[in-house]
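As structure tokens, the structure follows; a few thoughts come after it.
The values are calculated or read from the model by the stated rules, or taken from the named source; none is laboratory data. As the structure is a prediction and not an experimental result, all values here were calculated from the model. As a convention, Cβ positions derive from the backbone with ideal geometry for all residues, glycine included, and neighbour counts pool all protein chains shown.
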């Protein structure tokens, strides 16, 4: 179980040796308990708090605690001090980021992202006959961009980073432009916007990406990789560059989750609000995204390496596979 605590004023503490969340609903106090052994992670949104005892209980059960911004982006996390990995993996990761092999790794992440963008568009094409021609046109263009990524060569990632960003960015503009065009007129948007989001769709998307970012960082650290040693993304101060590298192939899963909330007419104006220079989410909107995310990533099963597994499990396995590949080399 993953505890997402986002209701403003919520307080997590320990009662009867269990986690207890206290919050108010329609001005009435609500208390909910859960045993620590059932919890795998805790996410606290802006305006929530927890006790020292709750932190101690989480650490003793190896439960990571994530502190998130109001838009879902993780601000920081509390980990158990013993991750059980070897520094050999991190040393090899640093070496690999400066070797020609880094180009192949980055190319594989970008092309897998494009493949999943294409898969999403093909699925939409089957159910939108009137738009089939314009959808197919974007699919063909992204296929061509993917081939250019595969053919890109260089001696160091810095030689090709600009090319990769350009190809990925072009694919993204076409892809999101088409998704916007397929939405009802009230929810169409003008490209990606981040902090703050300029429209409801991007506000939902940013919150979903924030949740995914936290999960990816968790998988990376469990696999013994360093979230700060990036390949394509710059090594800016205090930036988890590798998380931004590794997250790319999995963004389309969030895209589809959010798109279906809008196309299925589950989103209404009570789920978001105007804020300074943009759009923010109401509590009901956040709850809707969390529920949909859990369903897509932690409950639904997909076929992976001959087994039915959750998407989150496949991400964890991919992180371990990458770590093993590094030290094998």
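Just a few scattered comments:
- Test: residue in segment 253-275 that is in the same structural domain as residue 188 (by TED's automatic domain parsing), at pLDDT below 90, surrounded by fewer than 20 Cβ atoms within 10 Å (Cβ to Cβ) and touching a helix residue (DSSP H, G or I) at 6+ places or on another chain (Cβ under 8 Å): no
- Residue under evaluation residue 315, criteria (1) more than 19 Å from the chain's Cα centre (by Cα); (2) within 16 Å of residue 223 (Cβ to Cβ), criterion not met: (1)
- Test: residue in segment 87-97 that is in contact with a helix residue (DSSP H, G or I) (Cβ under 9 Å, 6 or more places away or on another chain) and modelled with pLDDT under 90: yes
- The residue list 23, 4 contains one member that is part of a strand (DSSP E or B), in contact with a helix residue (DSSP H, G or I) (Cβ under 9 Å, 6 or more places away or on another chain), surrounded by 15 or more Cβ atoms within 10 Å (Cβ to Cβ) and on the phi < 0 side of the Ramachandran plot, which is 4.
- Looking across segment 146-160, just one residue is under 25 Å from the mean Cα position of the chain (by Cα) and surrounded by fewer than 19 Cβ atoms within 10 Å (Cβ to Cβ), and that is 150.
- All told, residue 193 meets the bar of being in a loop (DSSP other than H, G, I, E, B), in the same structural domain as residue 96 (by TED's automatic domain parsing) and either in contact with a strand residue (DSSP E or B) (Cβ under 9 Å, 6 or more places away or on another chain) or under 19 Å from residue 6 (Cα atoms) (or both).
- When 70, 9 are checked against the criterion of being under 24 Å from the mean Cα position of the chain (by Cα) and outside the structural domain of residue 281 (by TED's automatic domain parsing), 70 stands alone in meeting it.
- Remark: residue 280 falls outside the filter, which requires a residue to be under 15 Å from residue 201 (Cα atoms), in contact with a helix residue (DSSP H, G or I) (Cβ under 8 Å, 6 or more places away or on another chain) and in a helix (DSSP H, G or I).
- Filtering segment 36-43 for residues that are buried (at least 19 other Cβ atoms within 10 Å of the Cβ), in contact (Cβ under 8 Å) with a residue 24 or more places away in the chain and outside the structural domain of residue 158 (by TED's automatic domain parsing) leaves a non-empty set.
- Which numbered condition residue 117 fails, given (1) closer than 18 Å to residue 244 by Cα; (2) modelled with pLDDT under 95: (2)
- Residue within segment 234-244 that is buried (at least 20 other Cβ atoms within 10 Å of the Cβ), in contact (Cβ under 8 Å) with a residue 60 or more places away in the chain and touching a helix residue (DSSP H, G or I) at 6+ places or on another chain (Cβ under 6 Å) present: no
- The residue list 55, 14 contains one member that is part of a strand (DSSP E or B) and surrounded by 15 or more Cβ atoms within 10 Å (Cβ to Cβ), which is 14.
- Some residue of segment 134-145 being closer than 20 Å to residue 75 by Cβ, modelled with pLDDT under 95 and out of contact with any strand residue (DSSP E or B) (no Cβ under 6 Å at 6 or more places or on another chain): no
Condition check ((1) part of a loop (DSSP other than H, G, I, E, B); (2) at pLDDT 90 or above; (3) closer than 18 Å to residue 263 by Cβ) across all residues:
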| residue | (1), (2), (3) |
| --- | --- |
| 161 | no, yes, no |
| 165 | no, yes, no |
| 168 | no, yes, no |
| 181 | no, yes, yes |
| 189 | yes, yes, yes |
| 206 | no, yes, no |
| 219 | no, yes, no |
| 228 | yes, yes, no |
| 233 | yes, no, no |
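- If you go through segment 135-165 and pick out every residue that is under 27 Å from residue 182 (Cα atoms), out of contact with any helix residue (DSSP H, G or I) (no Cβ under 7 Å at 6 or more places or on another chain) and touching a residue at least 24 places away in the same chain (Cβ under 8 Å), you end up with 1.
- Checked against the criterion of being out of contact with any strand residue (DSSP E or B) (no Cβ under 6 Å at 6 or more places or on another chain) and at positive phi, the candidates 16, 71 yield just one match: 16.
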